[in-house]
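Student: Pasting a structure here, questions to come.
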Amino acid sequence: MTWDRKITIKTERELQIMRIAGRINAEALAAAYAIIRPGITTADLNAAAEEVQRKYGVYSPFKNYPGPYPYPASTCISVNDELVHGIPDGRKLKEGDIVSMDCGTVYEGFIGDSAFTAQVGEASPQAKKLLEVTEQALYIGISMCKPGNRVGDISAAIQKYVEGNGFEVVREYTGHGVGRDMHEGPQVPNYGTPGTGMLLRPGMVIALEPMVLIGSPATKVLANQWTVASKNGKLTAHFEHTVAITENGPVILSLLEDGSSPAQIAGRLVK
Ligand code: MF3
Ligand code: CO
């Protein structure tokens, strides 16, 4: 899916607001992360995130987002082979599943957008490697978010790391600029060529979101018309942060107040 939307440059004040949107969003994700265990439903996780949003008087831009029909929930929760846009429901998570949760928050008109993938109990060694590689790909992409670099530098770095670890990057879905709109320009693919694409400038804010598959990058859309899954039925993973490009380099806006990520796998993760 290729599109061409407006790019907005944020002021210092707007970046402060976006940091708050991102922090509240991280709290919503962390509240859900904290209750992940076998037996819990994906609707329970959605409710945990919504409760935090209600507490702050904010809401998710996902709700009613236009698509085949208005998106029906505040979060996307995708299990195992489901890559993105899973709709929360009464399904119970099982020991060894992996679950991705994507949440957005609108605060003072600006959006924070972030996602993680977590194990339910303990997943297989291959699943763990998939999660580690996908999360690390996100941080490698973030490290490229500097003025003077181009979108293709981010894309290529993500692709190289993921493929170097034996996995595949999605082709049909991308990261994106984010601001007052959830999907602004530039589009940020998870594959590409260094030195190509749009020049990164201070004040741009982008949501980087590596989506990683095993064996083949092919995806399919399920019967509910929203959920995207791997075509081959193998596991998939997705991590996302909202990142500001500043003179001093990348600033992750979608972290908790203490600078940590909502889900830190076995404590081995960077901030
Ligand atoms: N956070 C996602 C994205 O970056 C998913 C939004 S899809 C929606 O595109 F329909 F739920 F809004
Ligand atoms: Co996004």
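Each value in this text was obtained by applying a stated rule to the coordinates, not by laboratory testing. Since we're looking at a predicted model, the values are computed, not measured. Note that each Cβ is placed from the backbone with ideal geometry, even for glycine, and that neighbours are counted across all protein chains shown.
Student: What helices in the chain pass both tests, a Cα length along the helix axis of 30 Å or more and a mean Kyte hydropathy of -0.5 or higher, using whole DSSP H runs? The partial results should precede the final answer.
Tutor: Details: long enough: 12-33 (31 Å, 0.05).
Sorted by number, the helices that extend far enough and score high enough are 12-33.
Student: From the Cα trace of the stretch 89-151, what convex hull volume per residue do you get, rounded to a whole Å³? Display every interim value, and only then the final one.
Tutor: On the way: hull volume 8.1 nm³, N = 63.
For the stretch 89-151, the hull spanned by Cα atoms encloses 128 Å³ per residue.
Student: May I pose another question? Run a plain Debye calculation on the stretch 35-132 (Cα atoms as equal point scatterers, no solvent) and give log10 I(q)/I(0) at q = 0.15, 0.18, 0.24 Å⁻¹, rounded to two decimals, same order as the q list.
Tutor: Reported log10 I(q)/I(0), two decimals: -0.60, -0.83, -1.25.
Student: Quote the convex hull volume per residue of the chain, based on C-alpha atoms, as a whole number of Å³.
Tutor: Enclosed volume per residue, from the Cα hull, is 112 Å³.
Student: Would you kindly work out the equivalent ellipsoid of the stretch 82-192 from its C-alpha gyration tensor and give its semi-axes, the square roots of five times the eigenvalues, largest first in whole Å?
Tutor: Over the Cα atoms of the stretch 82-192, the ellipsoid semi-axes are 25, 21, 11 Å.
Student: Run the helix sum for the chain: -39,500 (n - 2.57) per DSSP H stretch of 4+ residues, divided by residue count, reported at 222 nm to the nearest 500 deg cm²/dmol. Write out the running numbers ahead of the final one.
Tutor: Working: 4 runs with 70 residues, N = 271.
Calculated at 222 nm, the ellipticity per residue is -8500 deg cm²/dmol.
Student: Also: Where does the charge balance sit around ARG5 when Lys and Arg score +1, Asp and Glu -1, over other residues with C-beta under 14 Å from its C-beta?
Tutor: Working: positive: LYS6, ARG180; negative: ASP4, ASP181, GLU184.
Neighbour charge sum, excluding ARG5 itself: -1.
Student: Another question, if that's okay. Cross-link list LYS55/LYS94; LYS129/LYS160; LYS128/LYS220; LYS63/LYS234; LYS128/LYS234: which exceed 20 angstrom alpha carbon to alpha carbon?
Tutor: Details: LYS55/LYS94 29 Å; LYS129/LYS160 16 Å; LYS128/LYS220 23 Å; LYS63/LYS234 28 Å; LYS128/LYS234 14 Å.
From LYS55/LYS94; LYS129/LYS160; LYS128/LYS220; LYS63/LYS234; LYS128/LYS234, over 20 Å: LYS55/LYS94; LYS128/LYS220; LYS63/LYS234.
Student: Determine, at each q value in 0.14, 0.20, 0.28 (inverse angstroms), the log₁₀ of I(q)/I(0) that the Debye formula gives when each Cα of the stretch 146-210 is one equal point scatterer.
Tutor: Scattering profile of the stretch 146-210, log10 relative to I(0): -0.38, -0.74, -1.22.
Student: Mean separation of Cα pairs under 8 Å and 6+ residues apart, divided by the residue count of the chain: what relative contact order is that in percent? Don't skip to the answer; put the middle values down first.
Tutor: Values: 714 pairs, mean separation 64.1, N = 271.
Once normalised by length, the contact order is 24 percent.
Student: So for each of 231-241, 88-98, 160-170 I average, over its residues, the number of other beta carbons within 10 Å; can you give me the resulting order with the highest mean first? Let's see the in-between values first.
Tutor: Numbers: 231-241: 22.3, 88-98: 15.9, 160-170: 19.0.
So the order, starting with the most tightly packed, is 231-241, 160-170, 88-98.
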